[in-house]
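**Student:** Sharing a structure with you now.
The values are calculated or read from the model by the stated rules, or taken from the named source; none is laboratory data. Since we're looking at a predicted model, the values are computed, not measured. All Cβ positions, even for glycine, are placed from backbone atoms using ideal geometry, and neighbour counts span all protein chains on display.
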Amino acid sequence: MPIKIVKNDADVSANNNRWVYSSSVKSHFFHPQNLVEDIKKFDESKYDGIGVVGSPACGDMMKLWVKIDKKNDRIRDLKWQTFGCASAIASTSMLSVMVTEKGGMKIENALKLKPQDILARLGGLPPRKIHCSVLGDKALRKAINDYFRKSEQYKRIVTEGFVVIDPDTKITDKDIEEAVLEGADTIEKLQRKLKVGINDKKVKAKAEALMKKFMEKYYA
Amino acid sequence: MSVNSDINKLLKAYKKRHIYLDHAATTPVDPAVKKAADPYFTEEFGNPSAFYEIGLKAGEALQDARARVSKILGCSANEVVFTGSGTESDNLAILGVARAKGRGHIITSAIEHHAVLDTVKHLEKEGFTVTILPVDKYGLIDPAQLSKEIKTETILVSLMYANNEVGTIEPIKELADVCHKKGVLFHTDACQAGGTLPINVKKLGVDLLTLNGSKIYGPKGVGCLYVKSGIKLEPIIYGGGQERGLRSGTENVPGIIGFAKALELAQKNAPEENKRLIKLRDKLIKGLTKIPKCFLNGHPVKRLPNNVNVTILDVEGESIILFLNELGIYASTGSACTSKSLDPSHVITALGLPYEAAHGSIRFTLGHSTTDKDVDFVIEVTNKVVEILRRISPLNLNSDEIQSGRGSIHYK
């Protein structure tokens, strides 16, 4: 009675070639680079800054540790751990390679790193998975800021340029950007997520325009 | 051993298998079903509405299939409407009743398939009022609570027979009885139940019942709706007036014949096959829940014979699925990362579990091809995959807290 589906080797190997992501994503997912190999033996104190972003409820969370080459103001080492899907794991791994390769990235360049830079190196992601790759640069900036703070270089701490869009709910352009990356593509969905411009048509229009700008930026 | 070397070891340790464990998504077509449908593609290709010989032959085959389906459902042949899918049958039942009545109140549950939930939500925009019933921690709907929610304006209650994600079997007879005491029509989506559970509509006491082919080793693109005689439905597709005017469009004759055959086979084999599946299911549940911080979703006993749904904390479902895929095991997850909407499973969260539990949920749905060896293999490699992914993950969630419904960090 059981139906046996007989697959020959050729079929199986043909199936092997079908994967939902790019080969670069696959390679980093199955061969994660610069990972904290054993957290119990990991000596956090040897690192100069720590950055944590995301949350388990959102389905993505990342923690990374940076070691700074203080003389040359470069990133000497980066180690990480990520909870998330293949895109999230692969993009953290790729980020770790990008900032540590060729003698380490200059801090000023590391602070400018954008999700798109990581995406490009990964050979792209399906549109609805792009939001999974946006945590890395934020975690990196947090870790670098942590280093600045710990080394008392207060002037160098970067406070990202937030612009308050809705004075009632204090929704910023950053919040709208994140909502777009999380899938908001209509003003209704945006308002469901953020409660922006509920009582003010002008604010609503401003939020919608920003939403479209970010949609253009990430999904065009 | 480093994570990388452990991954390499795992991926190289086994020859790639082909263990399909997503039968709730779709099933392969049974060869006997294909054989029954085959002649109606090229040889007996006539339009059943035509008056000449090849048309009449196709028409007779169609009526024969209808009679066979009605025999299984325990209804008369003119109460069976063939459609293009389970989704279409759900839409026809819900939109059909609502639009025939014109106004009123509809009740459904929080764990329905989107084919029901989104249709009901659409009717809200058309001016109907809607109540969405909660479920308990096992996914069960309470008949007493349903009774309380029925108002004088209530026109339809639509509650699923068995849940597609967590496998919980609802007390359909009791729920239908509640509706009939108050004179309200009752529809059930039985797509997940059609292959394994009794579907006699008289015994279930339902007024409308949805089935489809692709979950019961039948063809895709064919469904059916039982419509109790006397119920008025407004069609959702207009045209040539096929299927008593309820579903215009030339009938999918090979699909319908395949569907009838598949339903017959499934119902005939169910008593024996269910015993086999339940044994495998319970073995898999027992094996997987031995993984630390892994728990079963859904009801331990009132459960589809082929459904296993577990949450594994600190790791994300898609990552597990992709590792298993690499080893030739095909399963699914309720994680947001694999849903088109990017929302985590509405079913897992309706059980009162936080988002964290949905992101780490894995569903294995067994079928005819599943063997005891397959189950052993899945338990063995899932353990290893989880061990690896937990070393990559920075999380260490509290399982008791999650199971009692408290997430450590709330979704923003």
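**Student:** Go through region A:115-164 and count every residue that is of a type outside the set (S, T, N, Q) and farther than 20 Å from A:ASP73 by Cβ.
**Tutor:** Matching residues across region A:115-164 total 25.
**Student:** Please go through region B:351-373 and pick out each residue that is away from chain A (no Cβ under 11 Å), surrounded by fewer than 22 Cβ atoms within 10 Å (Cβ to Cβ) and of a type outside the set (Lys, Arg).
**Tutor:** B:GLY352, B:ASP372, listed by residue number.
**Student:** Collect the residues in region A:52-84 that are of a type outside the set (Lys, Arg), away from every other protein chain (no Cβ under 14 Å) and out of contact with any strand residue (DSSP E or B) (no Cβ under 7 Å at 6 or more places or on another chain), keeping them in residue-number order.
**Tutor:** Within region A:52-84, just A:ASN72 meets the criteria.
**Student:** Okay, moving on. Under 7 Å by Cβ, and 6 or more places apart or on different chains, what pairs join a residue from region A:20-41 that is within 9 Å of chain B (Cβ to nearest Cβ) with one that is of a type in the set (Phe, Trp, Tyr)?
**Tutor:** Matching pairs, first to second residue: A:LYS26/A:TRP19; A:LEU35/A:TRP80; A:VAL36/A:PHE42; A:VAL36/A:TRP80.
**Student:** Next question, about the same structure. Where residues in region B:387-407 are within 27 Å of the chain's Cα centre (by Cα) and part of a helix (DSSP H, G or I), which of them is surrounded by the most Cβ atoms within 10 Å (Cβ to Cβ)?
**Tutor:** Ranking the qualifying residues of region B:387-407, first place goes to B:ILE402.
**Student:** Whether any residue in region A:118-134 is in contact with a Phe, Trp or Tyr (Cβ under 6 Å, 6 or more places away or on another chain), at pLDDT below 95, loosely packed, with under 13 Cβ neighbours inside 10 Å and of a type outside the set (A, V, I, L, M, F, W, C) is what I want to check.
**Tutor:** yes
**Student:** What number goes with the only condition from (1) within 14 Å of chain A (Cβ to nearest Cβ); (2) under 17 Å from B:ASN252 (Cα atoms) that B:ARG17 does not pass?
**Tutor:** (2)
**Student:** Yes or no: A:SER87 more than 14 Å from B:LEU395 (Cα to Cα), surrounded by 24 or more Cβ atoms within 10 Å (Cβ to Cβ) and either touching a strand residue (DSSP E or B) at 6+ places or on another chain (Cβ under 8 Å) or within 11 Å of chain B (Cβ to nearest Cβ) (or both)?
**Tutor:** yes
**Student:** Moving on. Suppose we keep only residues that are of a type outside the set (S, T, N, Q) and within 11 Å of chain A (Cβ to nearest Cβ) within region B:1-11. Which one would you say is farthest from B:VAL375 (Cα to Cα)?
**Tutor:** Looking at residues that are of a type outside the set (S, T, N, Q) and within 11 Å of chain A (Cβ to nearest Cβ), I get B:MET1.
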